[in-house]
Amino acid sequence: MKMFFAFFICFLHSLFIMGQIAHIDSKLQNDHVSFVCNFFDQNTQYIPPPAKNISNANSENWMRAMVDKITATVGLKNRFRLRLVENYNNCAALCIDNNIGTERFIQYDRDFLEAYQTKTKNKWFVVGVLAHELGHHLNGHSLDGIGSRPDKELDADEFAGFVLQKLGANINDASNIFNFLNDTDGPPTHPVKWKRKAAVSRGWTKANGDSLFASLYVLDNTEKNEEAFNLLMKARNEVINIKKLLLLNKALEIVPDYAYAISEKGLVYMNLHDYKEAYKYCINALELEPYIGLLRLNLAKVYADQKKYDTALAYVQDAIYLKPVFPEAYYFRASIFFENKNFTQTISDCIMALAMNPTKPFFKAEILETQGFALYELNKKEDATLCFEEARKLNPYSIKVLLYLASKKEKKNI
């Protein structure tokens, strides 16, 4: 079932590619994103072999050449084995016991690596991921049987930054391998985006010969980023708009170009119906981080709040293109479709959002309620009732279903 879902996500993703790139390009033609195109200068020692057009049959030679190059930069021989696993949707360091000892493997999905190299538009992406996994092996992380932990991930990220500098990547090339990540979410085993970018930058700086700078300056930035991040989280959990603004302004005093806090500020002004300010902040955030799906979703919300649904749909579809597994974006798009009486598409997007296993019970209940409303509108009342019952289990305090059914009864009486 998981394999089918992964395939279905990739298939669905491909349906959006042509239209969404056009929309993104038209909006970002004046953005400051020079690192996306200008990867190399004239002194580059190494040109990473791209993932595109590498068949699975030839992928082992492709990977081995990169591992050889990475291990050579730290004076080691390549004693790692490679394992191609289709539909694995990852790249990982693992140890496998045999009759005479333990062998160290890099297990990878070539299609996955190609997809994310395309998504990040970063020629160093695959090399960076591979260096990260080798960093796990060389730091002994793969031998303790514990698995991923935040401290291990940052060690491996720092090693990746060190290797990328030695191979010729500049500091932006290196740290931007994580641009596809959401800055505020992540599994408990992995740090959030800014911490990982800081670790890569620290490794790059050490390789550049600036050890004192790496240990002091980068750490100072890390502490500032963490304080700003914590203020952003408090703001998101705050229900009073004025208090939200105070928290976000404090975060921006610490990190003035914190795109997530700027975009969140736009949503606060949207709630206050000050759309001029809402647009200003959401668009400013996108100028800073043009390829983050959440920031595009936030701008879509501002347009939808004014019932500018066509523009809102364009931005939410951008968000899905940039982050294919994004239940919040699918649910928001479902809500727009429901407002426009496209009930069939509403149901489809709700199903997709639920298939992505959202973790918050109340959010899952909202999705089920909306799916139920669409089913009810299509006169599939038994199916709608099942959705309402499941939603009630997750959030017994919601009155949305009662209000909706009451409104349908009133219309019938009229």
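The values are calculated or read from the model by the stated rules, or taken from the named source; none is laboratory data. Computed from a predicted model, the values in this text were never measured in an experiment. No Cβ is skipped: glycine too gets one built from the backbone with ideal geometry, and neighbour counts run over all protein chains shown. Ligands, DNA and RNA are stripped out before the accessible areas are found, and what is left, the full protein with its side chains, is counted by its heavy atoms. Shrake-Rupley method; radii C 1.70, N 1.55, O 1.52, S 1.80 Å.
Fully extended, how many nm does the chain gain between Leu402 and Asn208 (0.36 nm per residue separation, minus their Cα-Cα distance)?
Working: separation 194, 0.36 × 194 = 69.84 nm, distance 6.33 nm.
Net length gain for the segment: 63.5 nm.
Measuring how big the stretch 265-414 is from its alpha-carbon positions, Rg and Dmax come out at 16.3, 53 Å.
Using only side-chain charges placed at the Cβ, +1 for Lys and Arg and -1 for Asp and Glu, the dipole size of the stretch 255-414 relative to its Cα centre rounds to 520 debye. Computed in the context of the full set of protein chains, the accessible area of the stretch 344-395 at 1.4 Å probe radius has 51% of its extent on carbon or sulfur. Quick one: putting +1 on the C-beta of Lys and Arg, -1 on the C-beta of Asp and Glu, what dipole do you get for the stretch 229-334 around its Cα centre, in Debye to the nearest 20? Result for the stretch 229-334 is approximately 240 debye, rounded to the nearest 20.
The convex hull defined by the C-alpha atoms of the stretch 231-308 has an orientation-averaged projected area of 4.6 nm². A viscosity of 1.567 mPa s and a temperature of 4 °C, combined with the Kirkwood radius over Cα pairs in Stokes-Einstein, give a translational diffusion coefficient for the stretch 248-349 of 94 µm²/s.
Can you tell me the FRET efficiency between Ile283 and Lys360 if r is taken as the Cβ-Cβ distance and R0 is 35 Å, rounded to the nearest 0.05? Intermediate values should be presented prior to the final figure.
Values: r = 28 Å, r/R0 = 0.80.
Efficiency, rounded to the nearest 0.05: 0.80.
Amide H contacts for Leu82 (H built 1.01 Å from N in the peptide plane; partners 5 or more residues away or on another chain; cut-off under 5 Å): Ile106. Placing dummy labels 7 Å off each Cα toward the beta-carbon, the span from Leu378 to Asn271 is 3.4 nm. List the lysines whose Cα sits under 24 Å from the Cα of Lys234, skipping any in the same chain fewer than 8 residues away. The qualifying lysines are Lys193, Lys195, Lys197, Lys224, Lys243, Lys244, Lys250, Lys265, Lys280, Lys301, Lys360, Lys364.
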